[in-house]
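The values are calculated or read from the model by the stated rules, or taken from the named source; none is laboratory data. For clarity, every value in this text was computed on a predicted model and none was experimentally measured. All Cβ positions, even for glycine, are placed from backbone atoms using ideal geometry, and neighbour counts span all protein chains on display. Note: areas computed on protein heavy atoms with side chains; ligands, DNA, RNA excluded. Shrake-Rupley method; radii C 1.70, N 1.55, O 1.52, S 1.80 Å.
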Amino acid sequence: MGSPLIVGVGEEEYFVASDASAFLEYTRNVLHLNDGEMAVVHRTEGHQVSTLAGQALSPRLVALEGSLEQIEKGGYKHFMLKEIMEQPTALLNCMRGRVCISNEPGSPVLGSQVGDRAHPLLRPAPIKSGVSLTLGGIEQLVGPEGAKYTMLDKLRAARRIIICGCGTSWHAGLVGEYILETLCKVPVEVEYASEFRYRNAVLRADEDVVIVISQSGETADTLAALRYAKSQGVLCMGICNTVGSTIARETDGGIYLHAGPEIGVASTKAFTCQVTVLAMLALRISHTRTISDAQYSELALALSSLPNKIDDLIRQNESKIVEIAKVLCISLCALVASCSSRRLCAPVPHAWKRVPVVYRCTASPTTASSWAAGTTIRLLSRARSK
């Protein structure tokens, strides 16, 4: 109970695992079991799914995306390096069929709508410039019979958006907060799911929308935060990478990343795609409301150019990236990052002579962050001299 369990259905064979990568070599057809459900499998007599109380169920057989090659190293020394190098392709797949540039037939993001649990009748609505952005998972109808609405309508009417996630997904939410507030002019709060689930947050079903972010779609704290929000009657949207995951099934709608399997512990391409999805979401919400057609077109075109720009950046710095990836993959050294405007007061006492410190300062020496960085450098110099 609580942990994911899926059944792989092959030809006269079955596989039971918590992750499909364990049997992807043999079958891509799976059954997802929810909490309180069980499956009985037999090599020749098929399978039966029921509740623990004995009520028979007929879950839908889902065909998984991806291939065996995606969960192998593919000639790279480790998965972190492989997944760093895969970021341009991951972003391309993330935007494929979503960001469409109709006046540029050679655009790398043209194509049919993929994933998102999209409503089959929905189509992108091109604007004068030839740019269109479609997110089918938020344009499907939700709500009770007789009073249905789209999630996009609800997002546009929201008085507050709350983003919940853990680890990398939480950091992606912090970036999304800036983008959503800047473009959509709506208050956004980013909550660590492990805190949100316990603190009895005050939610208003008629004003709030909760967005939960998880690469796996199975993060326990994020799932608990989702269930708490749903218990308060709040509309919940999911952003995840794994098709058919628990969060994908339990949210009211959502957007898949299509980043491909991420094996490395330190997130790379999933984080990049999470930020990209949040940017696309902000553009879709703000269009015709808080930004003009011209701004919408400019930003959508800029977004569509990211895969090529990242690919160029990787090619130009490949040797450095290989070296950094190796250090991060095998190093046991602690890595601490902090906002310089806080003057890094907490890490200062722990600094010693062999700890490298890197600062990223803005061009202007008068900004608060540059002043704070300078102050911290002086504090570190004093600490190291003792």
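For the stretch 25-71, what number results from the quotient of the Cα radius of gyration and 2.2 N^0.38 Å? It would help to have the intermediate numbers written out before the result.
Details: Rg = 13.1 Å, N = 47, 2.2 N^0.38 = 9.5 Å.
Normalised Rg, Cα atoms only: 1.37.
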Check: Given labels modelled 7 Å from the Cα in the Cβ direction, how far is it in nm from L61 to R227?
Finding: 3.0
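If I compute solvent accessible area with a 1.4 Å probe over the protein chains, what percent of it on the stretch 237-327 is carbon and sulfur? Intermediate results must be reported in sequence, preceding the final value.
Working: 2130 of 3770 Å².
Answer for the stretch 237-327 is 57 percent, counting heavy atoms of protein chains only.
Once you have the Cα-Cα distance between V16 and I263, take 0.36 nm times their residue separation minus that, and quote the gain in nm to one decimal. Before the final figure, lay out each step's value.
Numbers: separation 247, 0.36 × 247 = 88.92 nm, distance 1.96 nm.
Contour length minus Cα-Cα distance gives 87.0 nm.
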Next item on the list: Rounded to whole Å and sorted largest first, list the principal axis extents of the Cα atoms in the stretch 281-330.
Entry: 48, 21, 9
Note to self: Before I look further, what does the stretch 185-224 give for accessible area per residue, probe 1.4 Å, in whole square angstrom?
What the structure shows: 46
Margin query: What is the distance in Å between the Cα centroid of the stretch 180-223 and that of the stretch 264-309?
Written below: 20
Notebook entry, point to check: Between I211 and residues 5 or more places away or on another chain, which pairs have amide H atoms under 5 Å apart, with H built 1.01 Å from N, and which residues are they?
Noted result: I162, I163, C164, M237
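Give the dimensionless ratio obtained when the Cα radius of gyration of the stretch 146-195 is divided by 2.2 N^0.38 Å. Display every interim value, and only then the final one.
Numbers: Rg = 12.4 Å, N = 50, 2.2 N^0.38 = 9.7 Å.
Against the empirical 2.2 N^0.38 Å value, I get 1.27 for the stretch 146-195.
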Note to self: Quick query: amide H of S245 versus all other amide H atoms, modeled in the peptide plane; which residues come in under 5 Å with a sequence gap of 5 or more or a different chain?
What the structure shows: none
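Please state the equivalent ellipsoid semi-axes for the stretch 254-303: what are the square roots of 5 times the Cα gyration tensor eigenvalues, largest first, in whole Å? Before the final figure, lay out the partial values.
Working: eigenvalues 151, 21, 11 Å².
Over the Cα atoms of the stretch 254-303, the ellipsoid semi-axes are 27, 10, 7 Å.
Counting other Cβ atoms within 10 Å of each Cβ, which GluC sites (Glu not before Pro) in the stretch 179-217 have at most 11 and sit in a DSSP loop? Don't skip to the end; give the middle numbers.
Values: sites: E181, E189, E191, E195, E207; in loops: E207.
For GluC sites (Glu not before Pro) across the stretch 179-217 that sit outside H, G, I, E and B with at most 11 neighbouring Cβ atoms in 10 Å, the list reads E207.
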Next item on the list: Return the loop-located trypsin sites (Lys or Arg not before Pro) in the stretch 1-63 (DSSP other than H, G, I, E, B) with at most 16 other Cβ atoms within 10 Å of their own Cβ; answer none if there are none.
Entry: R43, R60
Margin query: With a cap of 12 neighbouring Cβ atoms within 10 Å, and only residues DSSP puts in a loop, list the chymotrypsin sites (Phe, Trp or Tyr not before Pro) found in the stretch 156-262.
Written below: Y198
Notebook entry, point to check: Rounded, prolate or oblate: which fits the stretch 18-103 when a ≥ b ≥ c are the square roots of the eigenvalues of the alpha-carbon gyration tensor, with rounded for a/c under 1.5 and prolate only if a/b beats b/c?
Noted result: prolate
Check: Rounded, prolate or oblate: which fits the stretch 179-234, taking a ≥ b ≥ c as square roots of the Cα gyration tensor eigenvalues, rounded meaning a/c under 1.5, else prolate when a/b beats b/c?
Finding: oblate
